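Just dropping this structure here.
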Amino acid sequence: MTSTSSPDPYRPPDDAGPARPGPADPYGAPGTTPAPSSSPYGPPQGAAPYGPAQPPTSGPSPYPAPQQQPAGTDGVAIAALVAGLLGTALLAVGLGIAGMVRTKRSGRSGRGLAIAGLVLGVLSTIAWTLLVAFLLWIVTTEEFQDGVQEGINELSQQSVELEPDLTTDALSAAPRP
């Protein structure tokens, strides 16, 4: 019986043998082999897969630069309006002025709120001033002072009349055996 020897499929290839093509790249052209890699997992993270990064171009951009929008209404302007509505006079004036300066400088909305707070603050300052002046005028009049003195005298007489004699009341209310 003659046996023909077939090449061992598990034997490593000889160095002198013909080069065999590697497995085909499923995404490349047919018959091409992928470039040898030092890692079986591909290029390291952050490496450019298509060559070195290109420097940015210094030419004009085809798109306009984005405009930065101011972020909403100024909080100090809102606080000025709230303080003006609450009648806190000088606080509303100060916040109104600060709100006007900030809205002009930053370009935010709310300048109208700051002006309204300032106006309400000025009006409440005038109202508080008139109220205090009126109360001082009333207190300093002779009629008011006479009325206060009469009221004090009446209250002191009533308190003397209402004060009970504790010794006689306590003895008379005690039960007898």
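Quote to one decimal, in nm, the extra length available between I152 and A127 on full extension: 0.36 nm per residue of separation minus the C-alpha distance between them.
Going from the current span to full extension adds 5.9 nm.
Rounded, prolate or oblate: pick one for the stretch 75-159, where a ≥ b ≥ c are the square roots of the eigenvalues of its C-alpha gyration tensor, a/c under 1.5 means rounded, and failing that, prolate if a/b is larger than b/c, else oblate. Spell out each step's value before the answer.
On the way: a/c = 6.70, a/b = 3.90, b/c = 1.72.
Prolate, since a/c reaches 1.5 and a/b exceeds b/c.
Bear in mind these aren't lab numbers, they're just calculated from the coordinates by the rules spelled out. Here the structure is a predicted model, which means the values were calculated and not measured.
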